[in-house]
Amino acid sequence: MSGKVWGKRFAGRTAVPALERYNASIGEDAFLLQAEMEASRAYALGLSSAGVLDGDEAAAVLRGLAAVGRRLAAGEDLSRFEDVHSAVELLLIEEAGEPGRKLHTGRSRNEQVVTDERLFLKSALPAAAGAVADVQKALLALAESAPAAVMPGYTHLQRGQPVLFTHYALSFVWALERGKDRIADAARRLDVCPLGSGALAGSTVPLDRDALRVELGFAGLTENSIDAVADRSFILESLGALGLVLLDLSRLAEDLIIFASAEFGFIVLADAAATSSSLMPQKKNPDVLELLRAAPGRLFAHYARLFMVLKGTPWSYNKDLQEDKEPLRRGVEDALRALEAAAAAVRCVRPVPERMAAAIDPSIFATDLADVLVERGVAFREAHGVAAEAVRLAESSGRRLDGLKPDEFRGLHAALAALPAGLFDPRRSIERKKTAGSTNPEMVRRQLKKARALVDGSG
Ligand code: ARG
């Protein structure tokens, strides 16, 4: 059988192989086969309810589709077909004969392709969200693995203020929670059934669109047949949501790479997450983390590619839209691969609290020193200046901030005549934080509980 569903349009058309090959999407859309089969089955039921197929014909079509399913499972070669939609229809005709020729009544590939893509994402996005939840689980375990560890918190990659390592690890759990939320949001918006839209104007068959929706498990219906066949923003939204998750993970990966360096030593990576050098035998390279650092580039490329295809393309269906296949398939695949690796890599991280503690240079308590002055009635701007002077004095005399003598502190400001006990103690510093969401150990305990409930609840 010819691989065309529109073969009768031209008399004596001579196919030019280069053009046939270029026009076909079968090389890229086979990932939609399962959805296409499901949608075809639902459509056959719809045609039967609409009286287009009588009982025997409907039964023949359903049997035929089951036979097609078996051929596909056995690895049927589809290369002779133009696309996945033609493939299923033409194979059905081979299997079911005449009744199979009725399946396309009132139907268009323009609506089929978006139905398939939406069905594909309806199962792919929850899988991706599950993979994100697994990364969260790994991060929670990491956060709980060193509850007492205090590390320097960084801004500008300069030591800022002490924070609990648990607080640091949990920060990514919240970033990923937003990521899951974006994925769920994209999944919710794309959950509408386009079937019944025809090529762009709707169908002459009195299809019960709601029954088709229920059969395929969609939450709602597209409201406008032109919009239904034109829209691809649902793919961009999905890629965008996945891309933002990888973007946050790329920043986590970069931090872990830095923390695993000999200079920092805040974490040790299990050997499983490392490779060595073909030349330098001492090397322990964080290759997987580096690949995760690079991973958003892929999603951005898929997003940008489809974005460019859509820009300025006439509304409704145009063949340009066929170019959405690879960004969609590869975007989902790339995201899932990266997420799986991210969860595994985080499970290979072991915190080293001693190295974190050793990196807490007392100058990190300059803000705490200013806070002491504020507590003693000095305006913050003045207090900041006094603490800065203390830092300069220590720096210029080659001492640490806690090495200044009592009379030097007093000389800087009368209110510093006696320093509170534990001013240069990291633990006391974090305990002095009072706000909800801060690194105060009590707040972190509450945060951890909340995050735990959230992640355990998400299954
Ligand atoms: N393979 C096509 C695609 O992916 C299916 C829709 C074809 N429609 C058409 N009018 N040629 O976009």
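The values are calculated or read from the model by the stated rules, or taken from the named source; none is laboratory data. None of these values were measured; they are calculated from a predicted model. Note that we place each Cβ from the backbone using ideal geometry, even for glycine, and neighbour counts take in every protein chain shown.
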* Please state which one of ALA186, ALA143 is buried (at least 21 other Cβ atoms within 10 Å of the Cβ) and under 30 Å from PRO362 (Cβ atoms). => ALA143
* **Failed item, numbered, when LYS102 is tested on (1) surrounded by 15 or more Cβ atoms within 10 Å (Cβ to Cβ); (2) in contact (Cβ under 8 Å) with a residue 60 or more places away in the chain** => (2)
* Out of all the residues in the range 2-10, is one or more of a type in the set (A, V, I, L, M, F, W, C) and crowded, with 17+ Cβ neighbours inside 10 Å? -> yes
* Before we move on, is SER79 surrounded by fewer than 18 Cβ atoms within 10 Å (Cβ to Cβ), within 16 Å of the ligand (Cβ to nearest atom) and at pLDDT 95 or above? -> yes
* Within the range 9-19, is even one residue free of Cβ contacts under 8 Å to residues at least 12 places away in the same chain and closer than 23 Å to VAL113 by Cα? -> yes
* For residues in the range 342-352 being buried (at least 21 other Cβ atoms within 10 Å of the Cβ) and in a helix (DSSP H, G or I), which is nearest to the chain's Cα centre (by Cα)? -> ALA342
* How about the range 202-211: which of its residues are assigned to a helix (DSSP H, G or I) and out of contact with any strand residue (DSSP E or B) (no Cβ under 6 Å at 6 or more places or on another chain)? -> ASP210, ALA211
* To do: Select, from GLU111, GLU95, the only residue that is touching a Gly at 6+ places or on another chain (Cβ under 7 Å), within 14 Å of the ligand (Cβ to nearest atom) and in a helix (DSSP H, G or I).
  => GLU111
* Asked: Within the bounds of the range 117-132, is there any residue that is crowded, with 22+ Cβ neighbours inside 10 Å, touching a residue at least 12 places away in the same chain (Cβ under 8 Å) and within 12 Å of the ligand (Cβ to nearest atom)?
  -> yes
* Under the condition of being over 18 Å from the mean Cα position of the chain (by Cα) and aliphatic (A, V, I, L, M), which residue from the range 171-197 is farthest from GLU263 (Cα to Cα)? -> LEU195
* Asked: Applying the selection to the range 166-201, what residues are touching a Ser or Thr at 6+ places or on another chain (Cβ under 8 Å) and either part of a loop (DSSP other than H, G, I, E, B) or modelled with pLDDT under 95 (or both)?
  -> LEU190, PRO194, LEU195, GLY196, SER197, GLY198, ALA199, LEU200, ALA201
